[in-house]
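Encoded as structure tokens, the structure appears first; notes follow it.
The values are calculated or read from the model by the stated rules, or taken from the named source; none is laboratory data. Predicted model only: the values in this text are computed from it and were never measured. Note that each Cβ is placed from the backbone with ideal geometry, even for glycine, and that neighbours are counted across all protein chains shown.
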Amino acid sequence: MSYEQMLNNRVCLTGMITAKPEFSHEIMGEGFYDVTIAVKRLSGQDDMIPLTVSERLMESESFEVGNIIGIVGQFRSYNKMSDGKSKLVLRVFVREMAEPDEDEPNTIMIDGFVCKEPVYRTTPFKREIADLLIAVNRAYNKSDYIPAIAWGRNARYAGNFEVGDRVRITGRIQSRVYQKQLNDGVVEDRTAYEVSVSKLDLLDSASGNAQ
């Protein structure tokens, strides 16, 4: 992975381990584990963020439930087949362990391309929202598809973006529980992950009118 590709998708998290790590998969003799951490918001609520951690990184830290850890990594997406349909799965891939920073426990910066027309809307309470899907280049000609949500003046700005525009987004990763009604009528709780935008910059416009 090039230096630029390491910087175009950078996540720093500090959170508490909520459950015992579970083995996920092995690549070239290296085992990877799924870990979930609870990351505090300013409101006092927690975002439950899923991590993928190499067993080699886990040797230097204690991954006991209740421990606070700091990590640096990338927000990645994977396609997973479920009931014959492809589902976008989002996880933070941990690249290195770090000192916990409880003053700034949740930061992310992504530099990528708008790959779906933004959806701008207002809530019944007149709050402005824009939904974005950003494609971020990764090594080996892969891309991660990262959903983001902007508010207020950022939402108005993002609502004018075009597919192909290159943007830089800073913010935090948030988890959001929602209910999904299945074909048999059963209602199931699911969790969505997205970037809550705090700063938004248009780097290159697909129409040639970069700002």
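Points worth noting:
- Residue list for segment 13-30, restricted to those being in contact (Cβ under 8 Å) with a residue 12 or more places away in the chain and either in a loop (DSSP other than H, G, I, E, B) or within 17 Å of GLY73 (Cα to Cα) (or both): LEU13, THR14, GLY15, MET16, ILE17, THR18, ALA19, LYS20, PRO21
- Residue within segment 172-187 that is touching a residue at least 12 places away in the same chain (Cβ under 8 Å) and of a type in the set (S, T, N, Q) present: yes
- Enumeration of residues in segment 162-211 that are more than 29 Å from GLY84 (Cβ to Cβ), at pLDDT 95 or above and not in a strand (DSSP E or B): GLU162, GLY164, ASP165
- Members of segment 27-66 that are exposed (fewer than 13 other Cβ atoms within 10 Å of the Cβ), farther than 19 Å from ARG176 by Cα and of a type outside the set (Val, Ile, Thr): MET28, GLY29, GLU30, ARG56, GLU59, SER60, SER62, GLU64, GLY66
- Which numbered condition VAL163 fails, given (1) out of contact with any Cys (no Cβ under 7 Å at 6 or more places or on another chain); (2) free of Cβ contacts under 8 Å to residues at least 60 places away in the same chain: (1)
- When PHE125 is tested against the conditions (1) over 30 Å from MET58 (Cα atoms); (2) in a loop (DSSP other than H, G, I, E, B); (3) modelled with pLDDT of 95 or more, the lone failure is (3).
- Residue count for segment 16-75, restricted to those that are more than 18 Å from the chain's Cα centre (by Cα), of a type in the set (S, T, N, Q) and within 16 Å of THR191 (Cβ to Cβ): 1
- Any hit, segment 51-72, residues being part of a strand (DSSP E or B), of a type in the set (Ser, Thr, Tyr) and at pLDDT below 95: no
- Apart from one condition, ARG156 fits all of (1) loosely packed, with under 14 Cβ neighbours inside 10 Å; (2) touching an Asp or Glu at 6+ places or on another chain (Cβ under 7 Å); (3) under 23 Å from ALA38 (Cβ atoms); the exception is (3).
- Applying the condition of being closer than 18 Å to GLY73 by Cα and either of a type in the set (Lys, Arg) or touching a helix residue (DSSP H, G or I) at 6+ places or on another chain (Cβ under 7 Å) (or both) to segment 117-153 and asking which residue is surrounded by the most Cβ atoms within 10 Å (Cβ to Cβ) yields ARG138.
- Among the residues of segment 167-179, those that are surrounded by fewer than 19 Cβ atoms within 10 Å (Cβ to Cβ) and of a type in the set (Lys, Arg) comprise ARG168, ARG176.
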